[in-house]
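Asks: What follows is a structure written as structure tokens; I'll ask about it next.
A short reminder: the numbers here are calculations on the coordinates, not readings from a lab. Predicted model, so just to flag it, every value in this text is computed and none were measured. A quick note on method: Cβ atoms are made from the backbone with ideal geometry, for glycine too, and the neighbour counts reach across all protein chains shown.
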Amino acid sequence: MRRLGTEEWSGLAMLVVSVAVAAPVLFGVAAPTMPRGGWIALCTLFLVALLGAITAQTSAPARYGGFAVATVSAWALVLTAPGMGLLLILLVMTAATSVYVLPLRAGFVVVALNTGVIVAVTVQVAADVTESVILAGFYLFIQLATLLSSATLIREQRMRRELAEAHVELQAASVLLSESARTAERLRISRELHDLIGHQLTVLTLELETARHVEGAGSREHLDRADRVARELLRDVRATVGQLRTEAPDLERALRAMADAAPGLAVSVEVAPRVRLDEQQSATLVRAAQEVVTNTLRHADARELWIEVTAEADSVVFRSRDDGCGARDVVLGNGLLGLRERFAELGGDITVDGRDGFRITAWVPAS
């Protein structure tokens with residue numbers, strides 16, 4: 001089951017609060033100044049528009065339109081039921097949720113407009129001007145407090161997500177830097193093998209060739225020198241091989257280290273024992289995992305992520321899926337487009353599917 005996101009929890013809370021404050025009219029205890037059926041329909045429109053504006057995965061204009069409908073509906077609900085003071089909470093809710101849809105400065109405009117409606121209502125129900133000013137000032141303060149609290153919460157969530165993304169990128173860079181250091185060391189050792197062992201093999205060949213053409217005691221001297229060169233060669237080979245006997249790159253360990261850097265996301269990593277990759281392929285899979293973890297933190301609102309690398313007949317397959325919100329119409333951003341190019345350079349490809357969570361399947365030819 002997919003975990004509900006912050007906006008969805010907010011939507012559920014608003015639904016409960018809205019029904020609670022509108023209950024007197026909904027259940028016939030209080031009467032609005034318009035037909036009760038129309039008022040209930042207007043209340044339903046308010047809820048649907050506001051929930052859609054803050055939770056639906058739609059375009060920005062659609063979200064703006066939904067929020068505008070919700071705000072105007074809230075004004076109409078409050079103005080047609082002036083005796084129900086708790087209905088003013090609907091205006092507080094629109095102010096608090098405006099930051100999920102609009103820039104913060106637009107939220108202050110919503111607060112100002114809501115306050116005008118509150119003044120119009122309190123003038124009708126308050127005993128005197130002083131009471132009207134106190135009520136309007138109280139609700140103005142509540143609106144500003146909830147607006148700024150929501151903005152602070154959103155900023156904190158964004159900063160936490162950016163920090164997590166930076167941590168994941170740092171882990172991926174560390175893994176790739178380690179691979180680069182191993183590559184440089186192997187290159188250095190290969191040069192030493194060429195310069196040192198190549199020279200010794202040349203000397204050994206010449207000594208043996210000379211010994212074959214020299215008769216008597218003279219050949220013995222060349223054989224002795226060839227023996228010394230062979231022993232030195234054996235010693236140097238053992239020393240060089242000893243430097244190469246370091247632990248081979250562990251793809252699963254590298255992926256786990258990066259996955260552990262994702263706070264609030266349980267990442268399961270499984271790499272089949274038969275997987276064999278060269279350095280470039282390993283680096284590409286590390287980048288794929290980095291992109292998957294980062295996108296999951298940024299967009300999916302998921303609780304769990306599964307990453308699997310398997311060896312098939314003629315390819316190595318990378319699969320990932322999460323339990324997040326997915327996407328009906330998947331549009332590849334720069335990160336996924338760059339990832340597709342990386343796999344294409346290696347003779348592979350990737351596919352994405354957002355119908356049930358978000359899934360990525362990528363493959364490269366087996367080494």
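Asks: Label-point separation (nm) for Val72 and Ser59, each offset 7 Å from Cα along Cα-to-Cβ?
Replies: For the pair Val72/Ser59, the computed spacing is 2.0 nm.
Asks: Please sort by residue number the trypsin sites (Lys or Arg not before Pro) in region 307-367 whose DSSP state is loop and whose Cβ has at most 12 other Cβ atoms within 10 Å.
Replies: Answer in residue order: Arg328, Arg355.
Asks: Also, quick follow-up: Can you tell me how region 307-367 classifies by the Cα gyration tensor, rounded, prolate or oblate, using a/c under 1.5 as the rounded cut?
Replies: oblate
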